[in-house]
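To start, the structure under review is shown below, and the notes come after it.
The values are calculated or read from the model by the stated rules, or taken from the named source; none is laboratory data. Everything numeric in this text was worked out from a predicted model, so none of it was measured. FYI the Cβ positions are ideal-geometry reconstructions off the backbone, even for glycines, and counts take in every protein chain you see.
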Amino acid sequence: MDTRLKGYLIGRLAGELETARMIDPDEIAARIRNIGFSCLRCGRCCRGEHEDNSVIVSPGEIQKICLHTGLGKDAVAQPPEEGSGNMQDRKTLEELSDLIDTRGNIHTFGWELSRKRNGDCIFIQDVAAGNKCNIYGVRPLLCSTYPFHMEEGELRVSECEGLGGNTGKEESLLLAENVISRYIEEIKEAILVYQNYESFERGPENINKAMENIREGIINYVVHDSTGSHRTTRRISGPIITFQDKITD
């Protein structure tokens, strides 16, 4: 990434961060009460059968979940795959060629909670168990603020069965404060990603290298997050098998 472009993006985010810190929670809470929301415990937002249920998580949130569950990073989080299509298809890789280095590593940004083969979050219990979350006390901010989030200083609302429900004053204020906190943390994470990001070498053999890896049954990722760059390897149709922090090659 060009140094001037990186500086511009960081500066723009810094300005957005300053504005975000001035948002009045009471105003957001009033809007939430006007919209109305009451969680029905239906679990739809955690299930793969109901549109996109990806949950972006920060390195700090991953660490909290690991400490709470005793699981390793590789079990808790995975590289984001939204819109990536079938990674075993050469056409898909060609569409992602700008994100593949000369060693066939696919570069991506941030992490998402791991999901089961059927697309469900790995921490959601069965319907018969009441759709309970196994990490409720340390769940990511994205989960605790759903269906609300902030974007470009504005409150946004996602589709949810619980919209229109009754939201009390204290409940709406707490939700508003969490929504704003999430917005601030997301901006801070983005700034650190840009600050820590190091470009990588691209070349005409990148697709062939990636295909070689796939024929061996693996997909190599390099994930850029707020703490640096990390290599992780994913088996085809299987779980992530390694997680190596802060690559040096």
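Matching residues to (1) touching an Asp or Glu at 6+ places or on another chain (Cβ under 7 Å); (2) of a type outside the set (Val, Ile, Thr); (3) more than 19 Å from Pro140 (Cα to Cα):
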| position | (1), (2), (3) |
| --- | --- |
| Glu185 | no, yes, no |
| Tyr194 | no, yes, yes |
| Ile207 | yes, no, yes |
| Ile219 | no, no, yes |
Residues that are under 19 Å from His149 (Cα atoms), part of a strand (DSSP E or B) and either modelled with pLDDT under 95 or touching a strand residue (DSSP E or B) at 6+ places or on another chain (Cβ under 6 Å) (or both): does the stretch 32-55 have at least one? yes
Per the list (1) surrounded by 18 or more Cβ atoms within 10 Å (Cβ to Cβ); (2) modelled with pLDDT under 90, residue check on Val127 breaks on (1)
Within the set of pairs 6+ apart or on separate chains, which have a first residue in the stretch 198-217 that is among the charged types (D, E, K, R), a second that is modelled with pLDDT of 90 or more, and C-beta atoms under 6 Å apart? Glu201/Asp101; Glu201/Thr102; Lys209/Arg103; Lys209/Gly104
Kindly establish whether Arg12 is closer than 19 Å to Arg182 by Cβ and either at pLDDT 95 or above or among the acidic types (Asp, Glu) (or both). no
So which of Ala128, Ala75 is free of Cβ contacts under 8 Å to residues at least 60 places away in the same chain, part of a helix (DSSP H, G or I) and of a type in the set (Gly, Ala, Ser)? Ala128
Could you list, in sequence order, the residues of the stretch 163-205 that are β-branched (Val, Ile, Thr), assigned to a helix (DSSP H, G or I) and within 30 Å of Leu40 (Cβ to Cβ)? Val179, Ile180, Ile184
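Part of a strand (DSSP E or B), within 18 Å of Ser58 (Cβ to Cβ) and modelled with pLDDT of 90 or more - does that describe any residue in the stretch 88-110? Walk me through it before giving the result.
Going through the stretch 88-110, the residues part of a strand (DSSP E or B) turn out to be 100, 106-109.
Add one more test, that the residue is within 18 Å of Ser58 (Cβ to Cβ), and what stays is 108-109.
With the extra rule that they be modelled with pLDDT of 90 or more, the set shrinks to 108-109.
Yes; the residues of the stretch 88-110 include at least one that is part of a strand (DSSP E or B), within 18 Å of Ser58 (Cβ to Cβ) and modelled with pLDDT of 90 or more.
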The number of residues in the stretch 210-235 that are in a loop (DSSP other than H, G, I, E, B) and over 24 Å from Ile187 (Cβ atoms) is 2
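Can you spot a residue in the stretch 191-207 that is surrounded by fewer than 16 Cβ atoms within 10 Å (Cβ to Cβ) and within 30 Å of Leu155 (Cβ to Cβ)?
Taking the stretch 191-207 as the starting set, the residues that turn out to be surrounded by fewer than 16 Cβ atoms within 10 Å (Cβ to Cβ) are 195-196, 198-199, 201-205.
Adding the requirement that they be within 30 Å of Leu155 (Cβ to Cβ) leaves 195-196.
Yes, some residue in the stretch 191-207 is surrounded by fewer than 16 Cβ atoms within 10 Å (Cβ to Cβ) and within 30 Å of Leu155 (Cβ to Cβ).
Considering every residue within the stretch 151-173, establish whether at least one is on the phi < 0 side of the Ramachandran plot, crowded, with 19+ Cβ neighbours inside 10 Å and under 21 Å from the mean Cα position of the chain (by Cα). Show your work before the answer.
Going through the stretch 151-173, the residues on the phi < 0 side of the Ramachandran plot turn out to be 151, 154-163, 165-173.
Cutting the leftovers down to crowded, with 19+ Cβ neighbours inside 10 Å gives us 167, 172.
Those still in the list that are under 21 Å from the mean Cα position of the chain (by Cα) too: none.
Checking the stretch 151-173: not a single residue is on the phi < 0 side of the Ramachandran plot, crowded, with 19+ Cβ neighbours inside 10 Å and under 21 Å from the mean Cα position of the chain (by Cα).
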Lys73 fails exactly one of (1) at pLDDT below 95; (2) of a type in the set (D, E, K, R); (3) closer than 25 Å to Ser172 by Cα, namely (3)
